[in-house]
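Here the structure is laid out as structure tokens; the discussion comes afterwards.
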Amino acid sequence: MPRETQALIAFNAGLLSPRVQDRLDVEWRFRGCRELKNLVPLPHGPAKRRSGFRFIEEAQAATGNCRVIPFQFSTEQAYIIEATSQTFRFYKDRAIIESGGSPVSISTVFDSDKLAAIDWAQENDFMVFVHPDEEPQLLTRTSDTSWTISEITFEDGPYLAENVDTTHTMTPNATTGTGVTLTSSAAVFASTDVGRLIRLNHGGTIGYATIAAFTSSTQVSVDIVNDFGATTATSAWNLGAWSNTTGFPSCVAFHKGRLFFSGQASDPARIYGSRVDDFFDFTPGTEDDDPLEIIAAGSESNPIHWMRSKKQLAVGTSGEEFSIGSSDGLQITPSDSRIQPETAYGSKSGIRPTLVGRQVLFVQRQARSLMELIFSFSEDGFVARDLARRAEDTVAVGLAELAYQQQPWSTVWAVLDDGNLVSLTYLREEDAIGWAVQTVAPSAAGAATVESIAVIPGEDSSEGEDQLWASILRTVDGGVKRTIECLDPYFADDGAEEDQFFVDAGIKYDSTATTTITGLDHLEGETVVALADGRIETGLEVASGQIELSAEASVVNVGLPFTWRLKPVAFEAGAQLGVAQGQQQAADEIIIKTLRTGRFNILEGAGETFSIVAPELTVGENAANAPALFTGIHAFQSQAPFSRDSEIVLEGSDPTNAEILSMFVTHAVNTL
């Protein structure tokens, strides 16, 4: 009976949909997996276990919605904002920021129901927030403990188009002051216009005011900001573009010295850009550095869902993607803006795209495709490719939020609509595009729900990787717990074994040897595991926020356990009749190469039935309590019977590292 050896030397094509698992005609099929859980496919090829999520703090509120938002002044000064109903709190260096023993917090206008629809853009020490139902807000940092947020006061604009009906006039009863009566010759005002700008032109003398009170559809009270030219009637007037009547912008971006807004409900395809280097000045003008307006409309007039600054301004609507630039490729001006339709996939509202190098990754409007907007020299324009095509079932429930972790492995993290977490290893130049499922450890009451994610640079250059933060919901001790957690740094090739952190909602104790570990109130009543000075302790019950170890330890990582699992694609090394697919076959010898990997199980069989061949595959002494990490070859003889779909699964649940480098499977194929 012929024997063939299949070499699985990389897993960086990640999870593959059943629709492509039998594509023997493409190279990436042989780097794919049928299951890949809590492992990250590395660009080099191996599959490495993700680190655990370290518990940082319980969120201020366990009810309503929560988002985590990155605030990055520089690579050395980066923060996470915990946004809950009408409240922001702040984190830095994997800890909540406190002042006087209490968390630093500020009040906001964004209640729980509005958090999902906010957008933001940052420039140095301030961040602009927008929501379609709220005035744009300005968040400012003056120190770690000093933050403020307030409504932005814009200078003279933006405005709707000037009135063209010469019979429709506006008449003020004064040229300066507050509480000035402004009378319209026709019904135009609404009670929702309070706070709206209005601009009058009296023979070239231009003044503007803010509507302070509503009297009737033809009369309002205004506070004049820039004096009117006269108290006579004028038909040259403009109403402000944003108000509770017309709505407010839902998208914001900084681009080449201007602040751009777009996406208001009453004019969803219009973009407003500020004066150059004066972000809140929208005084109309025609000079190159004056504010400008652009309508991003192609074959359809679709609402704008996002804007991102690249060499040109990239814009995504519900139906198309555009680039906006100038004829000379430099600054967009009031007289020189070029709108170029690029692709027509459309974007899902409320999901911010992420930038990866020169690419913009955005979620397509059905939320089941992650599109890669990239410039093609052969097409002389942008093209969009679906990065989820090979793993469509992985994201089928819908993508809800994205965050890009550049270091260490170029990983796009995504929250799904059902609260699960997935990852995409994305390194286009090496064709490393691999999805994996990242199942966050549940509580005893059921699955964890990942609500929101964000990435900021690590604490310092020595950490060597960016930080992934998450807001996570679990039911613990009969109630809902919302925790802010941060993915621990990946276990280093030269890391000490007692520093392995492979638990979720976990904490680290590093001090005098003890048997009592406290600080676990967020896991009250849960059964947790610990790595205590390198030994594994399981079945630990949290009571009064603490656990008792069986023996003293000075370095303890403790939290909820999670399992990793790898099932490669069906083996195919050929057979006498061509291919082995569908033929009766059985593995003979299995060789697995690992790098600093603890004990794990090997399961083999067919379909959904497996037997554990190596229930505790370990090396070293005292393996039951402190399995040594092993680099090298595991080789064993298979006991699986012949079947038409021979399968091998690697699985581990100990709180220890795992990195699978390659697999070599020799199997016999019965073609009779």
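The values are calculated or read from the model by the stated rules, or taken from the named source; none is laboratory data. Bear in mind that the values here come from a model prediction, so they are computed numbers and not experimental data. Because the Cβ atoms are built from the backbone with ideal geometry, glycine has one as well, and the counts that use them run over all protein chains shown. Each accessible area value is taken on the protein alone, full model and side chains, heavy atoms only, with ligands, DNA and RNA left out. Shrake-Rupley method; radii C 1.70, N 1.55, O 1.52, S 1.80 Å.
In segment 223-245, whose amide N lies under 15 Å from the spot 7 Å out along Cα-to-Cβ of Ser266? List them in ranges.
So the set is 237-245.
How large is the accessible surface per residue of the chain, computed with a 1.4 Å probe and reported in Å² as a whole number? Display every interim value, and only then the final one.
Numbers: 26230 Å² over 672 residues.
It amounts to 39 Å² per residue over the chain.
Given an 8 Å cut-off on Cα distances and at least 6 residues of separation, report the relative contact order of segment 158-228 as a percent.
About 32 percent, as a whole number.
Taking the Cβ-Cβ separation of Ile591 and Thr563 as r and a Förster radius of 25 Å, what is the calculated FRET efficiency to the nearest 0.05? The partial results should precede the final answer.
Details: r = 23 Å, r/R0 = 0.93.
With R0 = 25 Å, the Cβ-Cβ based efficiency is 0.60.
Mind grabbing the accessible area of His168 for me, 1.4 Å probe, Å², rounded to tens?
Using a 1.4 Å probe on the heavy atoms, I get roughly 20 Å².
Mean separation of Cα pairs under 8 Å and 6+ residues apart, divided by the residue count of the chain: what relative contact order is that in percent? Before the final figure, lay out the partial values.
Details: 1863 pairs, mean separation 94.3, N = 672.
In percent, rounded to a whole number, it is 14.
So how far apart, in nm, are the two label points at Val164 and Ala344 if each is 7 Å from Cα heading toward Cβ?
With each label point 7 Å from Cα toward Cβ, the separation is 2.9 nm.
Once amide H atoms are placed 1.01 Å from N in the peptide plane, what residues at a sequence separation of 5 or more from Thr343, or on another chain, have their amide H within under 5 Å of its amide H?
Here Glu321 satisfy the definition.
Report the full-extension gain for the segment Ala543 to Ala186: residue separation times 0.36 nm, less the Cα-Cα distance, to one decimal in nm. Spell out each step's value before the answer.
Values: separation 357, 0.36 × 357 = 128.52 nm, distance 7.16 nm.
Gain on stretching Ala543 to Ala186: 121.4 nm.
Starting from the residue with the highest accessible area, list Arg389, Arg89 in decreasing order, probe 1.4 Å. Please list the in-between numbers first.
Working: Arg389 155, Arg89 20 Å².
So, going from the largest accessible area down, we get Arg389, Arg89.
At 1.4 Å probe size, with the rest of the protein present, what percent of the exposed accessible area of the chain is carbon and sulfur atoms?
Details: 12110 of 26230 Å².
The nonpolar share, carbon plus sulfur, comes to 46 percent.
Name the residues whose placed amide hydrogens come within less than 5 Å of the amide hydrogen of Arg352, ignoring near sequence neighbours (fewer than 5 apart) on the same chain.
Result for Arg352 returns Leu402.
On the full set of protein chains, 1.4 Å probe, figure out the accessible area of Lys37 and give it in Å² to the nearest 10.
Roughly 70 Å² of Lys37 is accessible to a 1.4 Å probe.
I want to check the label-to-label distance for Ser550 and Arg644. Put each point 7 Å from Cα in the C-beta direction and report it in nm to one decimal.
Between Ser550 and Arg644, the label points sit 4.7 nm apart.
Can you compute the modelled spin-label distance between Asp477 and Asp223, with each label point 7 Å from Cα toward Cβ, in nm?
4.8 nm
Segment 68-110: which GluC sites (Glu not before Pro) are DSSP loop and have at most 13 other beta-carbon atoms within 10 angstrom? Before the final figure, lay out each step's value.
Details: sites: Glu76, Glu82, Glu98; in loops: Glu76.
Sparse-neighbourhood loop GluC sites (Glu not before Pro): Glu76.
Would you mind checking the pairs Lys37/Lys348; Lys48/Lys481; Lys37/Lys593 and listing those with alpha carbons more than 21 angstrom apart? Mind showing how you got there, number by number?
On the way: Lys37/Lys348 27 Å; Lys48/Lys481 29 Å; Lys37/Lys593 19 Å.
Violating the 21 Å Cα-Cα cut-off are Lys37/Lys348; Lys48/Lys481.
Lysines near Lys92 by alpha-carbon distance under 21 Å, same-chain residues fewer than 8 away left out - which ones?
Qualifying lysines at Cα under 21 Å: Lys508.
Ordering Arg308, Arg258 by accessible area with a probe of 1.4 Å, largest first, what comes out?
Details: Arg308 25, Arg258 0 Å².
So, going from the largest accessible area down, we get Arg308, Arg258.
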